[in-house]
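What follows draws every value from the coordinates through simple rules; no lab data is involved. Since this is a predicted model, take the numbers as computed values, not measurements. Neighbour counts are summed over all protein chains in view; Cβ atoms, including those assigned to glycine, are modelled from backbone coordinates with ideal geometry.
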Amino acid sequence: MGALDGKVAVITGSGRGIGRGIARLFAQEGARVVVNDPGVNVDGSGGDTGPAQQVADEIVAAGGEAVASLDSVADSAAAERLIGMALDNWGRLDILVNVAGILRDRMIFNMSHEEWDAVIAVHLKGAYNTIRPASVLMRQQRCGRIINFSSVSGLVGNIGQFNYGSAKAAIAGMTRVIARDLGRYGVTCNAIAPGAATRMTQSVPDSARQLQAAAGMQAVSIDLGEHESAFARLVEAEYVAPMVAFLASDAAWNINGNVFYVNGGEVARAHHPIQMRTVYRRGLWTLPELDDAVQNVLLKDIPNPAPPRDDVQVPGRDTPAPPLA
Amino acid sequence: MAQPLADRCIVITGAGRGIGAEVARFTGSLGARVLVNDPGVNIDGSGGDAGPAQSVANEIVAAGGTAAANLDSIATEAGGENLIRQCLDTWGRVDGVVHVAGILRDRMIFNMSPQEWDDVIAVHLTGYFNLAKPASVIMRQQRFGRVIAFSSSSGLMGNAGQANYGAAKAGIAGGVRCLARDLGRYGITSNGIAPTAGTRMTQSIPEAAPLASGAVARAEEIEPPFPEARFVAPMVAYLLTDQAWNVNGKIFHVAGGQVSLAYEEVPDRSIAKAGMWTVDELRAVVPEQLMSGVINPAPPPPTLDLPGRPATP
């Protein structure tokens, strides 16, 4: 017996990479799967019926149940159609997994509005576009699972990804809100920040290197401090799937509103960005008091992730600052 | 003696009322030249009024400071570009931008219309891009700048009925962290503020929250009446000073006299296995190890017949 026997799942971006691994494991665990993927390139261009159909065919050939969908989640009407496919084929929707995403890496000062809009449209609006119709069904059923994909690029920050990082952090925030909107109806909403070797991460080192070279910089890595080891190497995309399948199962009925890092055999719960260190004063702070509190308490031993270069003349560092009082 | 923000040219969105107005007045009193941006809309983004921005600018000038008003909407690409151009044309530089502007369209996710989603994302999140993009071009040339954006505990911790606002505000926190890494080496800092203050926007919460969230408590422990908006201004002003040159990529919660550094959303607790987990193994270890002591913020009521939940004796 599978962990997802009889469940109906919609998985966006499941023609390739992490999404495909999830679709295949879900089917192995007994779920009926709508494999959604318009088959676009990493930058969102083009389109190909191949990937979604191929994953659906593989599942059916292995004795499972699946149908392919080519709808783009960036389009509200298409996303509604996608959710409708689960209903039309199997009469219900138990699980929604939002994996679909594209990349348009660029330093902020060179990022075009088109590059901003395209990335926000697929990741963030795409998540809203699928979750809203899914939430209507799940609320009626008094049961459901929503699993979104976030990223370390937004949760911690990454160079050249203002659009992608904003979208992925927004998805984490949205996950926390939707957990609170839907929890009382027996629905859970969680997010995954994956580490995996896929088409998307192959492009990251390349584009990051290009951006850094253009800026005359040394290589910059995401600083996870003591957690660095967990993300030092990227492993097969299939490794992400078991945690997603667990969150989708009945056993995870009370796990709600969390973000989980999954990379290879490592699974971690992310810190909520709640208060880590606090200073308190009765009444209004003065600037000299804040200078002392921020430098010596709040930020003690916490580095600047991108300090000013030596050849930049920094007021306060290289030239005297006006006194604060 | 020079004032702490003497001659710094600062653009503040949403500065006609509430927290933005307090930041404008305070930075103006510290010697900054302030471009007060506010289209004077209602909380839901409707309407428009030249009064709020102009009156805050007038107050700063009457108090001996330097200020000008701008009525552009930061939700548009042209609005962001006009704002930065006006600051450049008027004073010749842009030393700091502070993105406070925001609207609310609270609704439970299953009832939220695409318009309600789009309008809130446009002002808060795309507004941040619309402001930061042209500002970053100038600041990179200057090899100096401060970018400060307003996040919210609604997105950082979660609040029912605010999927649009919470997503936008958490997205801003992610943007703050990315911007810090894009611009830090040029002598620019990027930080975020998650404020708690009594303003026109929080006045709407006691009405909206019971409707939207039932018995769910707000994430922050501070209950209404919220601390006054003016308490937020000193921390924003500090981040604009030269002394704060190395404070970068951080999110600060500010509530009254309480100032906190927020956790980065790094791994907290973890489990590891050499090889691929099975669903059965995760079922055995996740609830007891990874999730031990972590509560469900909105648990299903006991009356709900829920697959997987052990029967209560």
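With +1 assigned to the C-beta of every Lys and Arg and -1 to the C-beta of every Asp and Glu, and no other charges, what is the dipole magnitude of the protein assembly as shown about the Cα centre in debye, to the nearest 20?
600
Give a residue-ordered list of calculated ³J(HN,Hα) values for the range A:171-178 (Karplus: 6.51 cos²θ - 1.76 cosθ + 1.60, θ = phi - 60°; whole Hz; x for Gly, Pro).
For the range A:171-178, the Karplus-derived couplings read 5, 5, x, 4, 4, 5, 6, 5 Hz, x marking Gly and Pro.
Would you mind ranking A:H271, A:H123, B:H253 by Cβ crowding within 10 Å, fewest neighbours first?
So the residues, fewest neighbours to most, are A:H271, B:H253, A:H123.
Relative to the longest principal axis of chain A, what angle (0 to 90°, nearest 10) does the C-alpha long axis of helix A:199-214 take?
20
Treating only the Cα positions of chain B as identical point scatterers, give the base-10 log of I(q)/I(0) from the Debye formula at each q in 0.08 Å⁻¹.
-0.40
Per q in 0.09 1/Å, what log10 I(q)/I(0) does a Debye calculation on the alpha-carbon atoms of the protein assembly as shown return?
Per q value, in the given order, log10 I(q)/I(0) is -0.68.
If we count other beta carbons within 10 Å of each Cβ, what is the order of B:Y263, B:Y165, fewest first?
Sorted ascending by nearby Cβ count, the order is B:Y263, B:Y165.
Neighbour counts of other C-beta atoms within 10 Å: give me A:S14, A:S72, A:S151 arranged from fewest to most.
A:S72, A:S151, A:S14
Based on the mean of other Cβ atoms within 10 Å per residue, sort peptides B:179-186, A:63-70, A:96-103 so the most packed one is first.
A:96-103, B:179-186, A:63-70
Just to check I understand the Karplus step: with θ = phi - 60° and J = 6.51 cos²θ - 1.76 cosθ + 1.60, what whole-Hz values come out for the range B:37-54, glycine and proline as x?
9, 5, x, x, 7, 6, 4, 8, x, 7, x, x, 7, 6, x, x, 4, 5
Which cross-chain or sequence-distant (5 or more) residues have an amide H under 5 Å from the amide H of B:E228, H modelled 1.01 Å from N in plane?
Correct list: B:G198.
Averaging over every viewing direction, what projected area does the convex hull of the Cα atoms of the range B:1-157 cover, in nm²?
9.8
Given a cut-off of under 8 Å on Cα pairs at least six residues apart, what relative contact order in percent is computed for chain B?
After rounding, I find 15 percent.
Arranged from highest to lowest average of other beta-carbon atoms within 10 Å per residue, in what order do the peptides A:289-296, B:73-80 appear?
Sorting A:289-296, B:73-80 by mean packing, highest first, produces B:73-80, A:289-296.
Mind checking the mean number of beta-carbon atoms from other chains within 10 Å of the Cβ atoms in A:238-250?
Rounded to a whole number, the mean comes out at 4.
Roughly how big is the range B:47-200's charge dipole about its Cα centre, with Cβ charges of +1 (Lys, Arg) and -1 (Asp, Glu), in debye to the nearest 20?
640
What does the structure give for A:123-130 when I average, per residue, the other chain Cβ atoms found within 10 Å of the residue Cβ?
Average neighbour count from other chains, rounded to a whole number: 3.
Per-residue HN-Hα couplings for the range B:277-283, Karplus 6.51 cos²θ - 1.76 cosθ + 1.60 at θ = phi - 60°, whole Hz, x for Gly and Pro?
My calculation for the range B:277-283 gives 6, 9, 4, 4, 5, 5, 4 Hz in order.
Using only the alpha-carbon atoms, how far is helix B:127-142 inclined from the longest principal axis of chain B? Give it as 0 to 90 degrees, nearest 10.
In chain B, helix B:127-142 runs at an angle near 50 degrees to the longest axis.
Tell me whether chain A comes out rounded, prolate or oblate; compute the Cα gyration tensor, take square roots of the eigenvalues as a ≥ b ≥ c, and use a/c under 1.5 as the rounded threshold.
prolate
Just to confirm the number: angle between the C-alpha axis of helix A:76-90 and the first principal axis of chain A, 0 to 90 degrees, nearest 10?
Between the helix axis and the principal axis of chain A, the angle is about 40 degrees.
Give me the log10 of I(q) over I(0) for the range A:10-73 at q = 0.22, 0.24, 0.26 Å⁻¹, as the Debye formula computes it from C-alpha points; what are the numbers?
-0.74, -0.87, -1.00
For B:C9, list long-range residues whose amide hydrogen, built 1.01 Å from N in the peptide plane, is under 5 Å from its own amide hydrogen.
B:R33, B:D95, B:G96
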